Structures are given as C-alpha cells and as structure tokens.
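Comments concern the structure below.
The values are calculated or read from the model by the stated rules, or taken from the named source; none is laboratory data. Given the structure is predicted, the values throughout are model-derived calculations rather than measurements. Using ideal geometry, Cβ is built from the backbone for each residue, glycine included, and neighbour counts are taken over all protein chains shown.
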Amino acid sequence: MLGFQDPVADAIGLLRPRTVVGPSLRAVGEWALRFETFLHVRIGGLVRGTCWLTLDGHEPVLLREGDTFMLGNPPPYVLASTPGARPRPAQEAWAEAVDGFVRIGPESDQDVYLCVGHIGFDEQNAALLTDLLPPLVIVRAADPHGARLGQLIDHLATEVGSAAAGGPLVQNHLAQILLVHMLRAHAGQTDRPTGWLGALNDDGIGTALRAVHADVAHSWSLQELAELSHMSRSAFAQSFKSHVGVPPLEYLIQWRMSLARDALARDTLSISELARATGYQSESAFSTAFRRVVGASPAKFRDEARRSVTSEG
C-alpha cells in the first residue's frame, strides 16, 4: 500500500525535501541585503534583535526576537536594519561567510542574529505544498506555536555555528521539523488558505482526508467519505470543496496521481502493480486517469524519468 496515515507526512515524503541551512547572519549598525527569487521554501527566525523584511510589492514587516518566518516561492525580498537602508546583493555577503556566519559591522552583543534555511522539493510534486502557501507566513514569538519555533531556530543556529560531528544531518532534520511546525502554525491561523492543509483542522473533512491517505487503494465512494465525516453527501461534498478547493473524488484522483508520479520517477513498481496500489481495477483504467491528470501515459512518464536519471549520471 502506498502512502501513510497523515497528509502532512505523506506530502513531505513525496516532496523529497533537500535542505541547505545557513550561514547565519550577525549584523550591527545600518545594513540591508537583497535576496532574489527562488524555489521553493525558505524558513528563518530571529535569535536576537529586530530587522525589517520587505517582499517586492509589499509593505515592510518588522521582525522581532523570537519571531519565525516562512517564504513560499516568494518574489525578491530585502532583510534590513531599517526600511530605507540601501541593500546589497545577499549573494555577495553570503560568499564572505566565515565559520558559518556572515558578519556585517563589528562584533557586538547588540547585533541582529538571524538564522535561515532553504528547502527545495522534487519538482514533480512541489505544487502539493507550494500552491497552498502565501509568499510570507510569520509566527510571532507570542503566538501559540511561537515558543517552540523560537527554540528550534535557536537550536538550528547553534548547530550552524558548531563543528560537531553530524552537524549537517542535525541541521537537515531540524529544518524539516521547523517546516512541519510552521505548517501547523499556518494551518491554525485565522486567515489560512483553502486546501488540504487548512482542511485538516476541520474534524469532519480532516477525518475524510486522513482516511483517504491511510488507504489510497480503497474504492472510496462519496457516501463512505460523507459517513466518516458525519455529514450528508451533499453537505460533505460542498464543505470539502469549500475547504480543499476541489471535489472529494477529484482530490482522491489527484493524490493517487501524485503517488504514481513519484513511484514511476523512482521506478519502484511496475505499471500494473501501481494500478492496483492506487485503487484501479485495471492497468488501462489507471493509464487513462494518469494521462488525464499528468498529460502523458505512465510508460512515457517513466521512460522520460529514466532518461533524466541516465543523463544526470
């Protein structure tokens, strides 16, 4: 059986996250750094001090000690001591890093101490998450999730500045834990977006989503999912689409095809095995659904993935 029992764990598993952490920034006085656009998610937080974050086309936002932020496929942005400071390219500053730190100005106990990490995803399924995220999510230190996130940022910053054995592994796992906690915090905010992430907080729709993920091979009907959610079929269908953005059975098909893309790209199952694992009674039925969603047959998709691996090797 493909999948697990938790939509967040399932999605992150398919995303194959690749994490690059640091260097951390320590700055004092007037400073500003401009970061160009990038894929897919950047997470950061202030261990000490305050600074301004300005996304192109948006108003500046003040970040304070203990605040954590997440950027989803953002436009270029600037981190600065004041909104009016003239920025230099962040890439230049990052190239000057020493022992895991970029320093601007003399070393001082009053400096800004900022830790950031970039998380890239498998492009085939990246939209599972990035389509749900706004360009900027901020969790304040005083928010319900703020204290835990602040502790994680502090721990991550300590690891970046340490030469201890296993540091990169610890940094990678901490960054992914940060991602999960940021997603939890974002899903709980009152202005959360539609999509499966926000829907998990709804008892009825969340129950149906978890059931689908726990047994993707089951021949789910609208009636079964509605009963799990303790709703009528019509009320469930309307509520699911309102929360998630697509009808229940369309979501099931899209999730099955996300699993199928991953399995075909990694060449872990034959097409007939994959058809059964994703709930289809025949290979032809699976192929028809795959072609409709992905735009290519399973065999062509797998062959292209194989060629890609060969050329990269």
message: So LEU269 ticks every box in (1) surrounded by 15 or more Cβ atoms within 10 Å (Cβ to Cβ); (2) in contact (Cβ under 8 Å) with a residue 60 or more places away in the chain; (3) not in a helix (DSSP H, G or I) but one. Which box is left unticked?
response: (2)
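Every residue, every condition in (1) under 18 Å from ASP10 (Cα atoms); (2) outside any helix (DSSP H, G or I), yes or no:
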residue: ALA235; (1), (2): no, no
residue: VAL246; (1), (2): no, yes
residue: LEU252; (1), (2): yes, no
residue: SER258; (1), (2): yes, no
residue: ARG261; (1), (2): yes, no
residue: ALA265; (1), (2): yes, no
residue: PHE286; (1), (2): no, no
- line: Subset of the stretch 137-185, residues out of contact with any Asp or Glu (no Cβ under 8 Å at 6 or more places or on another chain), farther than 20 Å from VAL102 by Cα and in a loop (DSSP other than H, G, I, E, B), comes to ALA142, ASP143, PRO144, HIS145, ALA165, GLY166
- prompt: Looking at (1) under 21 Å from the mean Cα position of the chain (by Cα); (2) of a type in the set (A, V, I, L, M); (3) surrounded by fewer than 19 Cβ atoms within 10 Å (Cβ to Cβ), which is the only condition LEU133 fails?
  reply: (3)
- request: Scan the strands (runs of 3 or more DSSP E) fully inside the stretch 26-126 and keep the ones with 1 or more residues being at pLDDT 90 or above and in contact with a His (Cβ under 6 Å, 6 or more places away or on another chain).
  value: 41-48
query: Can ASP215 be described as acidic (Asp, Glu), surrounded by fewer than 16 Cβ atoms within 10 Å (Cβ to Cβ) and under 18 Å from LEU252 (Cβ atoms)?
result: yes
- prompt: Name the residues in the stretch 280-294 that are free of Cβ contacts under 8 Å to residues at least 12 places away in the same chain and over 16 Å from GLU250 (Cα atoms), would you?
  reply: GLN281, SER282, SER284
message: Go through the stretch 236-251 and report how many residues are closer than 19 Å to ASP131 by Cα and of a type in the set (A, V, I, L, M).
response: 2
field: Number of positions in the stretch 98-107 that are surrounded by 15 or more Cβ atoms within 10 Å (Cβ to Cβ) and aliphatic (A, V, I, L, M)
entry: 2
statement: Residue pairs within 8 Å by beta carbon, gap of at least six or interchain, first lying in the stretch 94-113 and touching a residue at least 24 places away in the same chain (Cβ under 8 Å) and over 14 Å from ARG48 (Cβ atoms), second assigned to a strand (DSSP E or B) and of a type in the set (S, T, N, Q), listed first then second, are GLY100/SER24; VAL102/SER24
message: For the stretch 139-157, check the following and say yes or no: at least one residue is modelled with pLDDT under 85, surrounded by 17 or more Cβ atoms within 10 Å (Cβ to Cβ) and not assigned by TED's automatic domain parsing to the domain that holds GLU250.
response: yes
task: State all residues of the stretch 48-68 that are closer than 20 Å to ARG148 by Cβ and buried (at least 21 other Cβ atoms within 10 Å of the Cβ); if no residue qualifies, say none.
output: LEU63, GLY66, ASP67, THR68
message: Looking only at the stretch 7-45, how many residues end up being among the aliphatic types (A, V, I, L, M) and farther than 20 Å from PRO106 by Cβ?
response: 11
